[in-house]
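To start, the structure itself, in structure tokens.
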Amino acid sequence: MTISLLIRRILFFVKEASHNIKGNLFTNMVAIFTISLALTILTSFAVFFINMEDMLDTFGADVQVIVYLKEDIRSDSTSPMKEKIRSFTEVDSINYVSKEMAIQVFKNELKGQKGILDELGANPLPSSFEIGLKKPFRNSDGVRTIVAKLKVLEGIDDIHYGQEWVDRFTAFLSFFKAAGLIIGVFLLISTIFIISNTIRLTVYARKEEIDIMRLVGATESFIKTPFFIEGLFEGLAGAILAFIMFNAVRYMLLKNIPASFSSLINIPFPVTDFMIILLGIGTAMGVFGSFISLTRFLKQG
Amino acid sequence: MIQLYHVYKNYNGSSPALTDISFVVEKGEFVFLTGPSGAGKTTLLKLIFCSEKPTGGQIIIDGKNTSRFGTREIAELRRKIGFIFQDFKLLSNKTVYKNVALPLDIIGHRPREIKKKVSYVLSYLGLQHRANYKPLSISGGEQQRASIARALVKEPTILLADEPTGNLDPALTNSIMELFLDINAKGTTVVIATHDSSLIKKLNKRTITLEGGKVIQEKE
Ligand SMILES: Nc1ncnc2c1ncn2[C@@H]1O[C@H](COP(=O)(O)OP(=O)(O)O)[C@@H](O)[C@H]1O
Ligand SMILES: [Mg+2]
């Protein structure tokens with residue numbers, strides 16, 4: 001195919017597609033509106049999900065392992081021990097809390113009840129390491145691994161990590177991720193299904209036209225290309241509309257919900273990226289939707 | 001050249017539409033296909049045009065066996081065959097001009113060339129004043145001429161016509177037949193299906209007569 005024929009073809013297809021859009025204006029408006037609604041729902045879900053996940057991750061930072069040291073531990077062995085623990089791959093941060101610091105914290109918490117403390121006599125609190133874990137290990141498995149490594153170290157009395165809380169948090173996080181994935185995939189498939197069905201309307205409306213095109217010698221790609229352009233346009237227009245709708249809804253929500261919830265409807269990317277992603281997904285879905293309806297409903301006749 | 005060898009066609013259920021049809025139409029020939037309504041004329045043209053598949057037998061067009069054709073080869077074949085449909089098959093949402101230009105758009109001619117050819121064929125058929133009308137707003141005869149214009153505009157090597165004068169008055173019928181003879185004289189193979197015996201008598205050309213799906217008579 002020569003360049004000039006290619007250009008003529010492209011011009012023809014674009015003209016054809018725009019002619020078809022004008023000719024089936026109502027059907028196309030319905031398609032664009034449906035696509036935009038579907039994309040708005042999909043986007044809202046994705047944004048909510050990403051923010052929720054971020055929020056849960058910050059909860060995960062609370063996963064902490066505390067190692068209590070033996071009473072008779074030699075003061076010059078804590079420093080090498082700290083370095084050893086720091087070298088474990090799971091460890092993000094480690095903090096040494098001496099007996100004195102521990103009692104100080106305890107005293108601060110029990111202000112006004114000095115009597116109790118006086119009765120204690122000598123400082124009964126052990127020294128300890130507070131260990132923060134790296135993100136991928138802030139869960140049951142991660143905690144179990146590090147605890148196993150810590151247990152064999154010399155001079156350790158006891159290890160605390162809020163087992164139940166970590167287990168529940170881990171279970172909830174994996175449930176949340178699985179549910180999010182399922183809902184997300186479901187929304188994505190239904191969006192494509194909706195788009196392909198809406199585009200099917202425009203394919204049906206022109207069934208006779210397509211048959212006639214075949215009879216005068218049009219190849220399948222010649223017949224289908226204008227539909228792809230139409231789907232692309234519908235996806236693009238739907239995405240622009242979805243962008244507007246999403247932001248309108250978000251704006252209204254921001255004005256009406258408590259500030260503490262507003263982080264849930266943050267847009268997790270820079271606005272231009274967000275726009276590009278949305279338009280990209282919209283057009284891809286439009287083209288894919290046309291592809292599905294063309295292969296399903298445009299059988300050889 | 002069109003060659004048919006022992007061609008059969010059964011539509012689902014009913015009695016066969018065509019039974020054991022064999023004949024050859026040489027390049028540049030002018031042939032009438034006649035017979036009463038339901039004889040199988042339209043079916044035969046559709047088989048040649050690959051819009052129906054034969055149940056049995058071989059159809060060879062310009063040396064190519066159509067039984068092995070895929071969609072691409074069929075599209076190619078249809079670009080060189082002009083087909084005048086009995087029910088016109090014009091695109092109702094496009095103007096007469098656009099309808100006639102469509103085969104050239106499909107082939108990918110240059111816009112200037114398309115304009116020249118379409119204008120020429122439209123004025124040849126007396127349709128230039130209808131160029132910007134949609135098919136449903138013009139008369140049956142005009143629609144028929146528009147479909148003839150669309151078949152001729154690509155200068156086909158083979159012209160198949162299904163009752164092409166059915167909607168035309170005698171004067172127009174004569175001028176359309178003149179037109180067919182004219183393009184036949186320039187080398188196009190012409191096959192016309194018609195049940196109008198007066199038309200056939202007037203022209204004295206090779207005639208194949210069908211009845212009940214069988215060839216019952218062949219006259220040179
Ligand atoms: N699409 C079809 N489905 C079933 N039967 C058909 C179909 N087209 C034609 N026929 C039958 O085939 C026979 C030949 O029809 P046709 O080729 O249209 O004849 P003609 O054009 O000579 O009038 C008729 O009996 C007709 O009823
Ligand atoms: Mg017929």
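The values are calculated or read from the model by the stated rules, or taken from the named source; none is laboratory data. As the structure is a prediction and not an experimental result, all values here were calculated from the model. As a convention, Cβ positions derive from the backbone with ideal geometry for all residues, glycine included, and neighbour counts pool all protein chains shown. Each accessible area value is taken on the protein alone, full model and side chains, heavy atoms only, with ligands, DNA and RNA left out. Shrake-Rupley method; radii C 1.70, N 1.55, O 1.52, S 1.80 Å.
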Counting other Cβ atoms within 10 Å, keep those with at most 10, restrict to DSSP loop, and tell me which trypsin sites (Lys or Arg not before Pro) in segment A:227-301 are left.
A:Lys299
Run the paramagnetic zone check for A:Phe186: 7 angstrom along Cα to Cβ, then residues of segment A:15-56 with backbone nitrogen under 16 Å.
A:41-46, A:49
Return the distance in nm (one decimal) between the two label points of a simple spin-label model at B:Thr55 and A:Phe48, each offset 7 Å from Cα along Cα→Cβ.
6.1
Which chymotrypsin sites (Phe, Trp or Tyr not before Pro) in segment B:7-56 pass both tests, a DSSP loop state and at most 13 other beta-carbon atoms within 10 Å?
B:Tyr11
For helix A:3-23, what angle does its Cα long axis make with the longest principal axis of chain A, in degrees from 0 to 90 and rounded to 10?
90
Low-density loop cleavage sites - trypsin sites (Lys or Arg not before Pro) in segment B:100-130, where at most 11 other Cβ are within 10 Å (DSSP):
none
Starting from one equal scatterer on each C-alpha and no solvent at all, send me the Debye-based log10 I(q)/I(0) for segment A:234-301 at q = 0.14, 0.24, 0.27 Å⁻¹, two decimals.
-0.56, -1.00, -1.11
What residue among A:Ser260, A:Ser290, A:Ser128 shows peak mean-square fluctuation when chain A is described by a Gaussian network model with Cα springs under 10 Å?
A:Ser260
Per-pair calculated FRET efficiency, R0 = 51 Å: A:Phe297 and A:Gln163 via Cβ, rounded to 0.05:
0.35
Within chain A, longest stretch clear of exposed GluC sites (Glu not before Pro) (DSSP loop, no more than 15 other Cβ within 10 Å)
A:155-301
Two-decimal Rg to Rh for segment B:135-220 - Kirkwood Rh, Cα set:
0.98
Between B:Lys64 and B:Lys186, what's the calculated FRET efficiency when r is the beta-carbon distance and R0 is 22 Å? Round to 0.05.
0.45
From the cross-link list B:Lys94/B:Lys154; B:Lys116/B:Lys201; B:Lys80/B:Lys202; A:Lys134/A:Lys177, the entries with a Cα-Cα span beyond 25 Å are B:Lys116/B:Lys201; B:Lys80/B:Lys202
Between helix B:111-124 and chain B: long-axis angle, C-alpha atoms, 0 to 90°, nearest 10:
80
Could you work out how much longer the chain between A:Leu264 and A:Lys177 gets when fully extended? Use 0.36 nm per residue separation minus the Cα distance between them, nm to one decimal.
29.7 nm
With Cα coordinates, the longest principal axis of chain A makes an angle with the long axis of helix A:25-60, in degrees rounded to 10, of 10
When Rg is the radius of gyration of the Cα atoms in chain A and Rh is its Kirkwood radius, what does Rg/Rh come to?
1.26
For the protein assembly as shown, how big is the tail of P(r) above 42 Å, as a whole percent of Cα pairs?
49
GNM of chain A, Cα pairs under 10 angstrom: of A:Val271, A:Val203, A:Val47, the biggest fluctuation goes to A:Val271
Quick one: check the C-alpha center-to-center distance for segment A:1-43 versus segment B:64-111, whole angstrom.
23
Solvent-accessible area buried by pairing B with A, both sides, nearest 100 square angstrom, 1.4 angstrom probe:
1900
So, in nm, how far is label B:Glu26 from label A:Leu253 when the simple model puts each one 7 Å beyond its Cα toward the Cβ?
8.1
I need two numbers for segment A:89-214: Rg to one decimal and Dmax as a whole number, Cα atoms only, in Å.
29.8, 101
For B:Leu159, residues with placed amide H under 5 Å, excluding near neighbours
B:Gly82, B:Thr189, B:Val190, B:Val191
Just which residues of segment A:200-235 lose 40 Å² or more accessible area with every protein chain there, against their chain alone, with the probe set to 1.4 Å?
A:Glu209, A:Ile212, A:Leu215, A:Val216, A:Gly217, A:Thr219
Any chance you could run the full-extension gain for A:Phe193 through A:Ser77? It's 0.36 nm times the residue separation minus the Cα-Cα distance, nm to one decimal.
35.2 nm
How many nm is it between the label spots at A:Asp141 and B:Ser198, if each spot is 7 Å from the Cα in line with the beta carbon?
9.1
For segment B:60-72, take each phi angle, set θ = phi - 60°, evaluate the Karplus expression 6.51 cos²θ - 1.76 cosθ + 1.60, and give the result in whole Hz per residue in order, putting x for glycine and proline.
10, 10, 6, x, 10, 7, 6, 5, 9, 6, x, 4, 5
Of the heavy-atom accessible surface of segment B:1-109 (probe 1.4 angstrom), what whole percent is carbon and sulfur?
50
